[in-house]
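These notes concern the structure reproduced below.
Each reported figure results from applying straightforward, stated rules to the coordinates on display, with no laboratory input. Just so you know, these numbers come straight off a predicted model, no measurement behind them. Neighbour counts are summed over all protein chains in view; Cβ atoms, including those assigned to glycine, are modelled from backbone coordinates with ideal geometry.
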2 protein chains.
Amino acid sequence: MHPLLLSQVEQYIVPSQEDIDTLHSKLGTRRYLKGQYLVQQGDICPHLSFITSGCSKTFHIDPQGNEHITRFAIEGWWSADLGSFLTQTAADCSVKCLEDTHVLQITHQGMQELYKEAPAFERFFRNLFENSFIHSEKRVIANFSLTAKERYLAFQKRYPQIEQRVPQYMVASYLGMTKQFLSKIRNQLMVENS
Amino acid sequence: MHPLLLSQVEQYIVPSQEDIDTLHSKLGTRRYLKGQYLVQQGDICPHLSFITSGCSKTFHIDPQGNEHITRFAIEGWWSADLGSFLTQTAADCSVKCLEDTHVLQITHQGMQELYKEAPAFERFFRNLFENSFIHSEKRVIANFSLTAKERYLAFQKRYPQIEQRVPQYMVASYLGMTKQFLSKIRNQLMVENS
DNA sequence: CATAAATGTTCAACTGGTTGAACATGATTT
DNA sequence: AAATCATGTTCAACCAGTTGAACATTTATG
C-alpha cells in the first residue's frame with residue numbers, strides 16, 4: 001500500500017490489516033504521460049484516481065469554447081470527474097495530466113465491492129466527501145465575495161506548491177479571470193511590495 | 001418517523017426497523033419562527049436540521065457588510081452550516097428562517113452515536129454528501145461559465161418552487177448579482193416574450 | 001384606513017474585468 | 001541556429017454588471 005494513501009486513510013479511520021488488503025486488491029496502478037486524459041468531457045468517468053506523483057487539472061469547456069479549470073490535483077489528492085464517476089453519467093469536465101503522473105485507481109464496480117467487503121471505507125469516503133463539499137462551498141463564497149486580486153492572494157497562500165508547478169494562465173482560469181488580468185494584478189503587487 | 005425523511009432515507013439505503021428507531025431516537029423536533037436563526041455566523045453550528053415544513057436561507061456576510069446567499073432550503077432538504085457542523089468550528093455562514101419552519105434535528109454527538117449504532121447511515125450520509133458536493137461543483141462551473149441572465153434562467157428552471165417563495169432580491173443575492181440587475185434582466189425577458 | 005416597513009423598478013454614472021491584437025521571452029524540436 | 005510552440009506582458013477599446021439615489025408598489029400592523 002502506498003504510504004501517501006495509507007496515511008490519508010489513517011487520518012480518518014483505523015483500518016484492520018484486512019481492510020487494507022481489501023482496498024489494495026481493488027486498486028490498479030497506472031502511469032499517464034503529460035498531456036494524457038484521465039477522463040474526457042462527455043464520457044463516463046471510468047476511475048477514481050489517487051495521485052502518487054504528478055499533477056492534473058480538471059476543466060470544463062463551455063459552449064463558446066472557453067476552458068474553465070475547476071481543480072488542480074497533485075500527489076496525495078484524488079482526481080476524477082466525481083459527479084460522473086459517482087453517478088456513472090456523462091462527465092461535464094475533462095481531467096488532463098500536466099506532468100507524467102502515477103496513480104492508484106479504482107472503478108465504480110470496485111468501489112461498490114469495497115464498501116461491501118470493507119465497510120470501514122464507507123466512513124473514510126464519507127469523510128472525504130464531507131471535506132470536498134466544505135471546500136467547494138467555501139469556493140462558492142470566495143467567488144462571490146472576493147475581488148480578483150483577493151482571490152489570487154488567497155490562492156497563493158493556500159496552494160503555494162501549485163502556483164510553482166502550473167503555468168500562470170491556468171491559475172488565472174482556476175481563479176475565474178483572464179490571464180491578462182492576472183498579469184496586471186501581479187504587476188500591481190510587484191509595485192506595491194517595492 | 002416523518003414520511004419525507006423516511007422516503008429520503010429509502011432512496012439510498014434499505015433500513016431495518018431498528019435503524020429507523022435508532023435514527024428516530026437521535027432526532028429532536030423544533031419549530032422556528034420566521035426570522036429566527038438556526039446558526040449565526042461565528043458560532044459553532046449546533047445541529048443538522050431536516051426541514052419538514054418552511055424555508056431557510058444560508059448566507060455569508062462579507063467584511064464590507066454585504067450579504068451573499070449560498071443556499072435556500074425547503075421541506076425535504078437538510079439545512080445547516082455544514083462545514084461548521086461537521087468540523088465543530090466557527091460558522092462562516094448564518095442560517096435564518098424565511099418562514100415559520102419545522103425541523104427534525106440531530107447534534108454532532110448524536111451523529112457520531114448514530115453512525116456507531118446504525119452503521120447503515122454511514123452510507124446514507126455518504127450518498128448525501130456526494131450529491132451535495134456534485135451540486136456545489138456544478139455551481140462553481142455555472143458561476144464561471146454563465147452570464148447573469150443564463151444563471152437566472154437556470155435557477156428558474158431548476159427551482160421554480162423557490163422562486164415563488166422567496167423575495168426577488170434574495171434570488172439575486174443567491175445568483176451573485178444585484179437586485180437592480182436582476183430586475184433589469186426580468187424586464188428584458190418580459191419584452192422578449194411578448 | 002393610515003402609516004410604516006419591506007420589496008421592486010428605473011436611471012445615469014461608473015468600474016472591475018474582458019477582448020483582441022501585438023510584442024517579448026524562453027523552451028523544444030529539427 | 002533556425003523555427004516553432006508555449007508562455008507571459010502591455011495596451012486601448014469595450015462591456016457586463018455595480019452603485020446609489022429616487023420613486024412605485026405591495027404587505028403588515030396599530
(request) Mind checking which strands (runs of 3 or more DSSP E) fall wholly inside the range B:1-69 and carry at least 3 residues that are surrounded by 15 or more Cβ atoms within 10 Å (Cβ to Cβ)? (result) B:47-53, B:55-61
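One line per residue, one yes/no per condition, for (1) away from DNA strand D (no atom under 14 Å from the Cβ); (2) surrounded by 18 or more Cβ atoms within 10 Å (Cβ to Cβ):
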{"site": "A:GLN109", "(1), (2)": "yes, no"}
{"site": "A:LEU114", "(1), (2)": "yes, yes"}
{"site": "A:GLU122", "(1), (2)": "yes, yes"}
{"site": "A:ARG126", "(1), (2)": "yes, yes"}
{"site": "A:GLU163", "(1), (2)": "no, no"}
{"site": "A:LEU182", "(1), (2)": "no, yes"}
{"site": "A:ILE185", "(1), (2)": "no, yes"}
(message) Residue pairs, Cβ under 6 Å, 6 or more apart or interchain, first in the range A:38-66 and in contact (Cβ under 8 Å) with a residue 24 or more places away in the chain, second among the acidic types (Asp, Glu) and within 15 Å of DNA strand C (Cβ to nearest atom). List them.
(response) A:GLY54/A:GLU99; A:GLY54/A:ASP100; A:CYS55/A:GLU99; A:PHE59/A:GLU67; A:ILE61/A:GLU67
(request) With the condition kept exactly as written, say whether any residue in the range B:59-82 is out of contact with any Leu (no Cβ under 6 Å at 6 or more places or on another chain), small (Gly, Ala, Ser) and away from chain A (no Cβ under 14 Å). (result) no
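Looking only at helices (runs of 4 or more DSSP H) that fall completely inside the range A:126-194, which ones have 1 or more residues that are within 14 Å of chain B (Cβ to nearest Cβ), at negative phi and of a type in the set (Ser, Thr, Tyr)? Walk me through it before giving the result.
Details: elements: A:148-158, A:160-165, A:168-174, A:179-192.
Counting at least 1 such residues, we get A:168-174.
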